[in-house]
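The values are calculated or read from the model by the stated rules, or taken from the named source; none is laboratory data. From a predicted model like this one, the values you see are computed outputs, not experimental measurements. Using ideal geometry, Cβ is built from the backbone for each residue, glycine included, and neighbour counts are taken over all protein chains shown. Side chains are part of the model used for accessible areas, which takes the heavy atoms of the whole protein and leaves out ligands, DNA and RNA. Shrake-Rupley method; radii C 1.70, N 1.55, O 1.52, S 1.80 Å.
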Amino acid sequence: MDHTDPGSGAMPLSVGQEGLWLLHKLAPDSATYNLAGGVRMEPAPDPEVLARAVRALTGRHPMLRSVYVEADGHPRRLLRKPGEIGELTVRDVPDVDDEELERLTEAEAGKPFRLSEDGPFRAVMLRRRTDAVVVVITHHIATDAISQWLLWRDLLTAYQAYADGKEPGWWPVTASYETFVETERALLDSPRGERQAEYWREQCAGSVPAELPTDRPRPLTPANTGASLLRRLPDQLSERVRRTAAEQGVSQFALALGALQALLNRCTGQTDFLIACPASVRRSAAADVVGYFVNPLIIRGRFDRDTTLSDAMTAANERIRQATARATYPFPLVAQDAPVAGPLFRISMTMVTTDRFGPGLEGMVSGEPIEVAGLTTTYLEIPHLEGQCDVALEVTRDVYGLTVALRYDTALFERDTVERLFDQFIRFLEAAADAPHRRIARIPLTDDAEKRSLLALSGSTGDGS
């Protein structure tokens, strides 16, 4: 039962939030749009100190203590007081092993939110005898990737301060998410907004979404189920990507995107297709604001028999530049106006750089332990945002190199298929870094071992016998 009162304090949502609210209403029991992260702390943190830090966190960031309701036929956001929602939950699991602890952690991340009652944030401590895992889960309607790291920065700062008998030395958050919503509304009412809308219509006209062959028929309604693969790229490959991108005059992301588009061209035979690149539309004034500042940018890829990897990455770099200049136009309106039947994209790719998370967290993002109030604290990757797309790649760049997460829809693909796709992407990334002027049509989809296996299955030796 909804006990909220959508009165005069109700605040409008951004267009992106409205889209996520609609998806939540259509599938309220889905955890597809949950974001999750965790830390292992050894020894276990003091639960009272941690609970105080969590309450301070929700006090600092209003989005975490908001609930979402319908008012006059429109979705609205209502604020709750610190402590009313989003309190720390402690679960004692004294005797579980690491495998079971991981399962419990992922189970916490996979619980759906009741946005109208409990809001979009929860923090859980799974406490063993000598250590604990602290899990922070949010709904995407309230946070993005940068927001997740802001939460960890502020939560750990608060825990350290309270453990030392002090107050957190936070700098004030002077901006608000409401300013972003107001700026977006002003854009949509302006000639500039109409020019951006026309640009996106032209980008989508005559193209179709990239779509990989699936192992199973696509269900009539999305299953909203997924899984993830995670690989740390070899240091030498990360360095070759950095060096070649600089030589080609493109970003590392454009090089990786060009490699993915080249792979899709080879796998599907599509020569003109669309994928999405979620981008941050957060302005510097909102650097410390927790909120949903993400907009998927539609990037078009065009290929012919003579297209090289250099051509692909150069074109990707230019299209990213053009799209970024128009990134503030909300994607739900792009999808609504686009002359394309069905969804605009089924595959996405994004890159996150950890240098924006501030000192202290950069190493933690890479899995390096840090010390917080005398506790050894190690960040844990928790699968999340699975099943939104057929396939979604997220590249994380830190001071040590590149890590790639590949998330996929388990209703469509077997894990073996996605493992092969991951191998192929790495192969195309290596080719882009080592031989950028190579024609895409000449890059093999299989390595030598796979070729021998295929030849063996066909009864051929490969030597004409």
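Quick notes on this one:
- Test for P296: is it in contact with a Phe, Trp or Tyr (Cβ under 7 Å, 6 or more places away or on another chain), open to solvent by 10 Å² or more (accessible area, probe 1.4 Å), outside any loop (DSSP other than H, G, I, E, B) and in contact (Cβ under 8 Å) with a residue 12 or more places away in the chain: yes
- The combined condition, being hydroxyl-bearing (S, T, Y) and either closer than 16 Å to N295 by Cβ or at pLDDT below 95 (or both), is not fulfilled by T179.
- For the range 6-25, the count of residues that are over 21 Å from the mean Cα position of the chain (by Cα), part of a loop (DSSP other than H, G, I, E, B) and within 21 Å of P168 (Cβ to Cβ) is zero.
- R103 falls short on exactly one of the conditions (1) over 26 Å from the mean Cα position of the chain (by Cα); (2) under 30 Å from P28 (Cα atoms); (3) surrounded by fewer than 14 Cβ atoms within 10 Å (Cβ to Cβ), and that condition is (1).
- Count of the range 266-290 residues which are open to solvent by 50 Å² or more (accessible area, probe 1.4 Å), closer than 26 Å to C389 by Cβ, in contact (Cβ under 8 Å) with a residue 12 or more places away in the chain and not hydroxyl-bearing (S, T, Y): 1
- On inspection, R195 does not qualify as surrounded by 16 or more Cβ atoms within 10 Å (Cβ to Cβ) and either out of contact with any Phe, Trp or Tyr (no Cβ under 6 Å at 6 or more places or on another chain) or within 17 Å of D288 (Cβ to Cβ) (or both).
- Summed over the range 171-192, the residues that are farther than 22 Å from A276 by Cβ, in a helix (DSSP H, G or I), of a type outside the set (A, V, I, L, M) and open to solvent by 30 Å² or more (accessible area, probe 1.4 Å) give a count of 7.
For every residue, the table says whether it meets (1) open to solvent by less than 30 Å² (accessible area, probe 1.4 Å); (2) out of contact with any His (no Cβ under 7 Å at 6 or more places or on another chain); (3) in contact (Cβ under 8 Å) with a residue 60 or more places away in the chain; (4) hydroxyl-bearing (S, T, Y).
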residue	(1), (2), (3), (4)
P43	no, yes, yes, no
L50	yes, yes, yes, no
V54	yes, yes, yes, no
P62	no, yes, yes, no
L78	yes, yes, yes, no
K81	no, yes, no, no
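- With respect to (1) over 30 Å from E430 (Cα atoms); (2) of a type outside the set (D, E); (3) part of a helix (DSSP H, G or I); (4) modelled with pLDDT of 95 or more, the lone exception for T314 is condition (1).
- Residue match in the range 371-391 (condition: surrounded by 15 or more Cβ atoms within 10 Å (Cβ to Cβ), at pLDDT 95 or above, within 15 Å of the chain's Cα centre (by Cα) and not in a loop (DSSP other than H, G, I, E, B)): yes
- Residue that is nearest to the chain's Cα centre (by Cα) [pool: residues in the range 408-434 that are open to solvent by 60 Å² or more (accessible area, probe 1.4 Å) and farther than 30 Å from V250 by Cα]: R415
- Across the range 398-437, the qualifying residues are those that are part of a helix (DSSP H, G or I) and polar (S, T, N, Q), and the one among them that is nearest to R305 (Cα to Cα) is Q424.
- Within the range 220-247, the set of residues being open to solvent by less than 50 Å² (accessible area, probe 1.4 Å) and part of a helix (DSSP H, G or I) comprises L237, S238, V241, T244, A245.
- Selection within the range 395-407 - of a type in the set (A, V, I, L, M, F, W, C) and open to solvent by less than 20 Å² (accessible area, probe 1.4 Å): V395, L402, V404, A405, L406
- Top-ranked residue of the range 152-170 - restricted to ones that are assigned to a helix (DSSP H, G or I) and among the charged types (D, E, K, R), ranked as surrounded by the fewest Cβ atoms within 10 Å (Cβ to Cβ): R153
- Restricting attention to the range 132-145, the residues that are among the polar types (S, T, N, Q) and assigned to a strand (DSSP E or B) add up to 1.
- Test: residue in the range 119-131 that is open to solvent by 40 Å² or more (accessible area, probe 1.4 Å), in a loop (DSSP other than H, G, I, E, B) and not small (G, A, S): yes
- Subset of the range 132-151 [open to solvent by less than 10 Å² (accessible area, probe 1.4 Å) and either within 15 Å of V289 (Cβ to Cβ) or modelled with pLDDT under 95 (or both)]: T138, I141, A142, T143, D144, S147, L151
- Among (1) assigned to a loop (DSSP other than H, G, I, E, B); (2) hydrophobic (A, V, I, L, M, F, W, C); (3) touching a Pro at 6+ places or on another chain (Cβ under 7 Å) - the single one A44 does not satisfy: (3)
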